[in-house]
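Enquirer: Sharing a structure, written as structure tokens. Questions coming.
The values are calculated or read from the model by the stated rules, or taken from the named source; none is laboratory data. Quick caveat: nothing in here was measured; it's all calculated off a predicted structure. Glycine also receives a Cβ, built like all others from the backbone with ideal geometry; neighbour counts cover every protein chain displayed.
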């Protein structure tokens, strides 16, 4: 026989079960779509989670994140985006290039989309304007291609006698490649530099590009900013080191693993802003009411150990202007 007190206790426990289930179902799910392989941008994801946390959401506690990475296979993005849309996530984060945003935009007109792109989102047709996005998209626009002339100038300051520069671009990133070449060619002409353009869209093509460019004996190498090269940064840095080619990169992640120098947007800062915007959307803000944020924090990093290995003497003025010098 069950005593009345035990019966009430059991009844209370039973009624708590559906409440717990409902609470779990109420946890918002964030769909994170990226063209790159998962695991290649973990430091950026940590910053993204920090931005979420700053707005009251902690992964695993009161928010869940469904990750989808395309492993640099752009044709997989539409299917992954459609999968997240069918999952009816609360918001889709589209990062890793404009192709991710296009896929997410094609998959849903109702689920909020928060993007991260380095091209003009108005020109790409993602939003009506930066101040008033309209529709279900908003996000963070960071500068990368626009920083190309500055990167070239810093490289020339490090290697004053440079005359021939190889620019490595990825044909898979047509928009990014066009922007890079549009900016680098006039900047190079103004400095009296000769530009040699090499292309690589696969791991094998990166190896082939280095095999081809080494006999040309370029004075330096300029790696274009794009998500594929970022995911292959270890390969690029190792090849540049093996062939003793001074190279400049678009993010500190390259320099931290042995790249010579980098100048570009601060990705931890950018991804923190991305997480903050997602948090605001989860709290009820509509993308159409959130102006596209423009990242304004840049980092110049020099790896002094790599410079010494290459026999380069870094000018004191360049060292003084660096945000960080890696010994």
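So that you can scan it fast, the table gives a plain yes or no per residue for (1) farther than 24 Å from residue 252 by Cα; (2) touching a strand residue (DSSP E or B) at 6+ places or on another chain (Cβ under 9 Å); (3) surrounded by fewer than 19 Cβ atoms within 10 Å (Cβ to Cβ); (4) without any contact (Cβ under 8 Å) to a residue 24 or more places away in the chain:
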site: 109; (1), (2), (3), (4): yes, no, yes, no
site: 112; (1), (2), (3), (4): yes, yes, no, no
site: 119; (1), (2), (3), (4): no, yes, no, no
site: 126; (1), (2), (3), (4): yes, yes, no, no
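Enquirer: Among the residues of region 246-255, are any assigned to a helix (DSSP H, G or I), in contact (Cβ under 8 Å) with a residue 60 or more places away in the chain, assigned by TED's automatic domain parsing to the domain that holds residue 166 and surrounded by 23 or more Cβ atoms within 10 Å (Cβ to Cβ)? I'd like the intermediate steps shown before the answer.
Expert: Within region 246-255, the subset assigned to a helix (DSSP H, G or I) is 252-255.
From the residues that got through so far, the ones that are in contact (Cβ under 8 Å) with a residue 60 or more places away in the chain too are 252-253, 255.
In the following step, the residues that additionally are assigned by TED's automatic domain parsing to the domain that holds residue 166 were identified as 252-253, 255.
Then drop every residue that is not surrounded by 23 or more Cβ atoms within 10 Å (Cβ to Cβ), which leaves 252, 255.
The answer is yes, given that some residue of region 246-255 is assigned to a helix (DSSP H, G or I), in contact (Cβ under 8 Å) with a residue 60 or more places away in the chain, assigned by TED's automatic domain parsing to the domain that holds residue 166 and surrounded by 23 or more Cβ atoms within 10 Å (Cβ to Cβ).
Enquirer: Take residue 109 and decide whether it is part of a loop (DSSP other than H, G, I, E, B), assigned by TED's automatic domain parsing to the domain that holds residue 139 and at pLDDT below 90.
Expert: Numbers: part of a loop (DSSP other than H, G, I, E, B): yes; assigned by TED's automatic domain parsing to the domain that holds residue 139: yes; at pLDDT below 90: no.
In short, no.
Enquirer: Can I ask one more? Taking the criterion of being part of a loop (DSSP other than H, G, I, E, B), touching a strand residue (DSSP E or B) at 6+ places or on another chain (Cβ under 8 Å), modelled with pLDDT of 95 or more and crowded, with 17+ Cβ neighbours inside 10 Å, would at least one residue in region 274-282 satisfy it? Break it down stepwise before answering.
Expert: The initial filter retains those residues of region 274-282 that are part of a loop (DSSP other than H, G, I, E, B), namely none.
No, every residue in region 274-282 fails to be part of a loop (DSSP other than H, G, I, E, B), touching a strand residue (DSSP E or B) at 6+ places or on another chain (Cβ under 8 Å), modelled with pLDDT of 95 or more and crowded, with 17+ Cβ neighbours inside 10 Å.
Enquirer: Okay, moving on. Output the number of residues of region 205-227 satisfying the condition of being part of a helix (DSSP H, G or I) and under 23 Å from residue 42 (Cβ atoms). Steps first, please.
Expert: Initial filter on region 205-227 (part of a helix (DSSP H, G or I)): 205-216, 227.
In the following step, the residues that additionally are under 23 Å from residue 42 (Cβ atoms) were identified as 206, 227.
Number satisfying all stated conditions: 2.
Enquirer: Taking region 294-308 as the region of interest, how many residues are over 19 Å from residue 253 (Cα atoms) and in a helix (DSSP H, G or I)? Outline the logic, then answer.
Expert: In the first step, residues of region 294-308 are kept if they are over 19 Å from residue 253 (Cα atoms); the result is 294, 308.
Pick out the ones that are also in a helix (DSSP H, G or I) and you get 308.
Residues meeting the conditions: 1.
Enquirer: Which residues, taken from region 228-245, are surrounded by fewer than 19 Cβ atoms within 10 Å (Cβ to Cβ), touching a helix residue (DSSP H, G or I) at 6+ places or on another chain (Cβ under 7 Å) and not in a helix (DSSP H, G or I)?
Expert: Result: 243, single match.
Enquirer: One residue is enough: does region 65-75 have a residue meeting the conditions part of a helix (DSSP H, G or I), closer than 30 Å to residue 170 by Cα and touching a residue at least 12 places away in the same chain (Cβ under 8 Å)? Quick ask: steps written out before the conclusion?
Expert: Step one: filter region 65-75 for residues part of a helix (DSSP H, G or I), giving 74-75.
Subsequent filtering for residues that are closer than 30 Å to residue 170 by Cα retains 74-75.
Then drop every residue that is not touching a residue at least 12 places away in the same chain (Cβ under 8 Å), which leaves 74.
Scanning region 65-75 turns up at least one residue that is part of a helix (DSSP H, G or I), closer than 30 Å to residue 170 by Cα and touching a residue at least 12 places away in the same chain (Cβ under 8 Å).
Enquirer: How many residues are surrounded by fewer than 20 Cβ atoms within 10 Å (Cβ to Cβ) and not in a loop (DSSP other than H, G, I, E, B) if we restrict to region 161-176?
Expert: The first filter runs over region 161-176 and keeps only residues surrounded by fewer than 20 Cβ atoms within 10 Å (Cβ to Cβ), leaving 161-164, 171, 174-175.
Imposing the further condition that a residue be not in a loop (DSSP other than H, G, I, E, B) reduces the set to 164, 174-175.
Final tally of qualifying residues: 3.
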